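The numbers here are math on the coordinates, done by the rules we state, and not lab data. Note that this is a predicted model, so its numbers are computed, not measured. Cβ sites come from the backbone with ideal geometry, for glycine too, and all protein chains shown count toward neighbours.
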Protein chains: 2
Amino acid sequence: MPERARFTSSAQALEHWQGHRRLTRRVIEAFPDEHLFSFSLGGMRPFGEMAAELVRMAAPLVEGAATGEWQGYESEVPTTKAGLLARWDDDTQRIDERWRTIPEGRFAEEDAAFGVYRDRVQGLLQYAIDNEIHHRGQAYVYLRALGIEPPPFYER
Amino acid sequence: MPERARFTSSAQALEHWQGHRRLTRRVIEAFPDEHLFSFSLGGMRPFGEMAAELVRMAAPLVEGAATGEWQGYESEVPTTKAGLLARWDDDTQRIDERWRTIPEGRFAEEDAAFGVYRDRVQGLLQYAIDNEIHHRGQAYVYLRALGIEPPPFYER
């Protein structure tokens, strides 16, 4: 098999990520207001802080992938559940719009995300998706420990 | 941008997964023997049982992707840390060898994994990778709760 055979197209990768984003949104929603930014286990961050990290990374990364210009991490992320969900929805639309403008061939280019993290653009975007799955998995443990049934992992 | 532009090649997807598998192996290794198959939080499964699920899915899925024949989940998975790690290493090699025989164009075909889960072959493989990241994220919480520093997420 040619090593360069296509595994995923750009459109499929976007839809795959947006499916994960829909699930992560449901996980944020599942947290009671009073626990999202305070409950934690093992000395880890509350899930609200992890979700804020995802917000700081996601849309700015797609902007940088599309334009080659890096605005830096966005630091202002809402610290209420309602605010975080509203921001999530805005970013979902922004990601959809900007991803579609990423020039063909750009995924294979090397770049330094936010001027710091050097990888192929595909690898940078893949990292953001993987990091979201990773932290959301941790949120599942938080929810279970709170006695709350998380949304099914396979539903996107 | 053409929607069909390539995001990931077959060789990149394999290397991406094997990088995650190396990290998951380090996470299994980080558990003390006496906790791998017993410690849990929130009424969830111990990580050893989750890892056994990953083993039952991974190599057989690549076999099915390569051949179109489904042997069914493998049910016999070692229940000791040393046994699990040895099996992990065998499967890593099996995945490497079999992935490279997956025919070009096969990723886009629909199939029913294990006769049950219907998706494009790419989606079936992607699910196994995502599911590994998801459960390994949960293992990070277990390790932290046990007072053990997990291996860095970004090291593959």
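Here residue A:154 yields copy-to-copy label distances, from shortest upward, of 3.5 nm, the label point defined as 7 Å from Cα along Cα to C-beta. Chain B residue nearest by beta-carbon to the axis mapping B to A, with distance in Å: B:137, 1. From the Cα gyration tensor of the stretch A:65-131, with a ≥ b ≥ c the square roots of its eigenvalues, which class applies: rounded if a/c is under 1.5, or else prolate if a/b is larger than b/c, or else oblate? Prolate, because a/c is 1.5 or more and a/b exceeds b/c. One equal scatterer on each Cα of the stretch A:56-102, no solvent, Debye formula: the resulting log10 I(q)/I(0) at q = 0.25, 0.29, 0.32 Å⁻¹ is -0.89, -1.05, -1.15. With its label point put 7 Å out from Cα toward Cβ, residue B:69 sits 5.8 nm from the same residue's point in the other copies, in order from shortest. Close amide-amide hydrogen proximity is noted between residue A:7 and B:8, B:9, B:10, each under 5 Å apart and 5 or more residues distant or on a separate chain (H modeled in the peptide plane; Pro and chain starts excluded). Normalised by 2.2 N^0.38 Å, where N is the number of residues, the alpha-carbon radius of gyration of the protein assembly as shown equals 0.99.
Report the charge-dipole magnitude of chain A in Debye, nearest 20, computed about the Cα centre from +1 at each Lys and Arg Cβ and -1 at each Asp and Glu Cβ.
Dipole size: approximately 360 debye.
Annotation for the stretch A:81-156 versus the stretch B:96-129: alpha-carbon center distance of 24 Å.
In units of the compact-protein estimate 2.2 N^0.38 Å, the stretch A:10-145 shows a Cα radius of gyration of 1.05. Label position 7 Å from Cα toward Cβ: report the copy-to-copy distances for residue A:115 in nm, one decimal, ordered from shortest. Ordered by increasing distance: 5.9 nm.
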